Amino acid sequence: MAAPSAATRRKLQRKFKLRGFTLKVDALEEAAAFLARFPDAEDDALDLLLDELDKEPLQSSILDRDAMRRVVALLVEADEAVDAASPAATSARSALRVVDSFVVPRFHYDPIKKVFYEHTSRLAIHGEAGDKAALYRDRYQVLLQRLARDIYFSKPAFDTVMTEDDNCEITSIQSLIGCTGRRWIMGVISQLEERQFYLEDLTGAVNTCGFPPLEDREASLSMLMGLDFFGGGVIPTEETVRLSTLEKKAMNDMFVILSDVWLDNYEIMEKLGVVLDGYDSLEAVPSLFVLMGNFCSRPCNLAFNSFEELRSQFGKLGEMIAARSRLKEHSRFLFIPGPDDAGPSKALPRCALPKYLTEELQKHIPNAIFVSNPCRVKFYTQEIVFFRQDLLYRMRRSCLIPPTTDETSDPFEHLVATITHQSHLCPLPLTVQPIIWNYDHCLRLYPTPHTIVLGDKSEQKAFKYTGITCFNPGSFANDSTFAAYRPCTKEVELSALES
């Protein structure tokens, strides 16, 4: 066995030291040999190895060859068992996971123990008064615990001489009484009096405001100790390594996203047929078509004839898809309701389209997926959030302070920065956009996903912000725009039909 390089040695020693382990020379060589089995996924393999060591009943934090070899043997055996299975069948089984908002786990933060714990009791759709207060308190606690780890806002580990300008440690509003000089606080904007806005925390309020800094996804995940914030279940680390390897081989997998697909408009349906024909002719057809509402050119009401018409149009859509045999066999179709589609209320998250409307389509496309708005998709290791809402217009209408144009004047880029810094898809007042109190956590963007798809009537846009891929496919009904996305490379192709 070739001796590990100096760079590999340093990397292993640093990573193991962060987990509280010390490596003997022979243990380090054993660990390096394990990583060599995964040249394209070294970091994932190393995290897997460390996670498995954490589970072992070790006698000492100083690791020798025997302790390392025991864990490595288990992981190698598991990897070989996976390789013996059919890769195609395994990929189809585990690559795509769709998570409805109403099954996303809810977590509360304990500021005393500084840990998250899962809410295990049933969540009522119609909450009590205390649930509304808990909505804001939970949002606040998620951002505050994130902010407390930021190097500029955390208390120094050792007593050092710091000027008032250097010390940005967060202070509660209650602690400001009797203080002089400048202090930093964290709170939510509230309107306690007419035309007067305040920054309020759990202890009081003042009249100034600013954005909390964003935290890197990996930093957030490292603090959550394997908790499943995204939904869909916890994936074992060995499975994550396997999926990461498969992901690198799926470079051609593609999602096609269309928003505002009016099924009751003959011209729009013809254009949709053109799009389907184009992708049906490709050598590798898209893995997933995402069709986002609104599915009617006018708001769908409770009138029976409106429901009957839409039900019939879903049936015609099913026939259209079934006529493209390659798409029917190899592609999945995901349907996300829009703000004006049929549903019990306008509150978010919106439940999936009623079965009465979709059963005609499912006769033709049995594997079609009807899900909530917003919804989440896990593709291999990629976490993607889909949200259909005319958010840009509503956010600009509710803006209290005009965004700075120092870095950009693009409204979509301002929108992306707002929702990612706020760790929430829709940080609007509840009077502007109602939210089901007990399901506000379904709109959180914490930890930040790899990709956010914002279906909006505004101009189609794509923007990468601090490693997060964000894009708006545009309105297919209004300007024939849509988007193609390759999750494994995070490439966005903004597309449009020629007029």
Residue pairs meeting the criteria (Cβ under 7 Å; at least 6 apart or on separate chains; first more than 22 Å from G338 (Cα to Cα), in segment 473-499; second of a type in the set (D, E) and not in a loop (DSSP other than H, G, I, E, B)): C488/E247
Residue in segment 303-321 that is closer than 30 Å to I435 by Cβ, assigned by the TED database to the domain that holds A368 and not in a helix (DSSP H, G or I) present: yes
Residue match in segment 243-258 (condition: more than 18 Å from the chain's Cα centre (by Cα) and of a type in the set (K, R)): yes
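Listed here are the residues, each with its yes/no results for (1) touching a strand residue (DSSP E or B) at 6+ places or on another chain (Cβ under 9 Å); (2) among the polar types (S, T, N, Q); (3) within 26 Å of E407 (Cα to Cα).
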| site | (1), (2), (3) |
| --- | --- |
| N438 | no, yes, no |
| P449 | yes, no, yes |
| I452 | yes, no, yes |
| D456 | yes, no, yes |
| F463 | yes, no, yes |
| F476 | yes, no, no |
| S480 | yes, yes, no |
| C488 | yes, no, no |
Unique match (being at pLDDT below 80 and outside the structural domain of K249 (by the TED database)) among A78, A27, A45, A67: A78
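Would you confirm whether or not segment 394-411 contains a residue that is in the same structural domain as K490 (by the TED database), in a helix (DSSP H, G or I), open to solvent by 10 Å² or more (accessible area, probe 1.4 Å) and touching an Asp or Glu at 6+ places or on another chain (Cβ under 8 Å)? I'd like the intermediate steps shown before the answer.
Going through segment 394-411, the residues in the same structural domain as K490 (by the TED database) turn out to be 394-411.
Now restrict to residues that are in a helix (DSSP H, G or I): 394-397, 411.
Okay, now just the ones that are also open to solvent by 10 Å² or more (accessible area, probe 1.4 Å), so 394-397, 411.
In the following step, the residues that additionally are touching an Asp or Glu at 6+ places or on another chain (Cβ under 8 Å) were identified as none.
Within segment 394-411, none of the residues are in the same structural domain as K490 (by the TED database), in a helix (DSSP H, G or I), open to solvent by 10 Å² or more (accessible area, probe 1.4 Å) and touching an Asp or Glu at 6+ places or on another chain (Cβ under 8 Å).
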Among residues of segment 7-49, those that are small (G, A, S) and open to solvent by 50 Å² or more (accessible area, probe 1.4 Å), counted: 2
Test: residue in segment 449-460 that is at pLDDT 95 or above, surrounded by fewer than 19 Cβ atoms within 10 Å (Cβ to Cβ) and under 19 Å from the mean Cα position of the chain (by Cα): yes
Criterion violated by D253 - all others in (1) in a helix (DSSP H, G or I); (2) among the acidic types (D, E); (3) in contact with a strand residue (DSSP E or B) (Cβ under 7 Å, 6 or more places away or on another chain) satisfied: (1)
Scan of segment 466-493 for residues that are buried (at least 16 other Cβ atoms within 10 Å of the Cβ) and in a strand (DSSP E or B), ordered by number: I468, T469, C470, F471, N472, T481, F482, A483, A484, Y485, R486, V492
Qualifying residue in segment 357-370 (condition: assigned by the TED database to the domain that holds D440, closer than 30 Å to G467 by Cβ and surrounded by fewer than 23 Cβ atoms within 10 Å (Cβ to Cβ)): yes
Out of D280, D253, D260, sole residue that is over 30 Å from Y140 (Cα atoms), in contact with a Leu (Cβ under 6 Å, 6 or more places away or on another chain) and of a type in the set (D, E, K, R): D280
The lone exception for K249 - which of (1) open to solvent by less than 30 Å² (accessible area, probe 1.4 Å); (2) more than 26 Å from V371 (Cα to Cα) it fails: (1)
Index of the failed condition, R93 passing every other in (1) surrounded by fewer than 18 Cβ atoms within 10 Å (Cβ to Cβ); (2) modelled with pLDDT of 85 or more; (3) in a helix (DSSP H, G or I): (2)
Of the criteria (1) open to solvent by less than 80 Å² (accessible area, probe 1.4 Å); (2) under 30 Å from K457 (Cα atoms); (3) over 28 Å from the mean Cα position of the chain (by Cα); (4) not assigned by the TED database to the domain that holds L317, which one L214 fails: (3)
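Look at G187 and say whether it is small (G, A, S) and open to solvent by less than 30 Å² (accessible area, probe 1.4 Å).
Numbers: small (G, A, S): yes; open to solvent by less than 30 Å² (accessible area, probe 1.4 Å): yes.
Criteria met by G187.
The values are calculated or read from the model by the stated rules, or taken from the named source; none is laboratory data. If you're wondering where the values come from, they're calculated on a predicted model, not measured in any experiment. With ideal geometry, Cβ positions are generated from the backbone for all residues, glycine too; neighbour counts draw on all protein chains shown. Note: areas computed on protein heavy atoms with side chains; ligands, DNA, RNA excluded. Shrake-Rupley method; radii C 1.70, N 1.55, O 1.52, S 1.80 Å.
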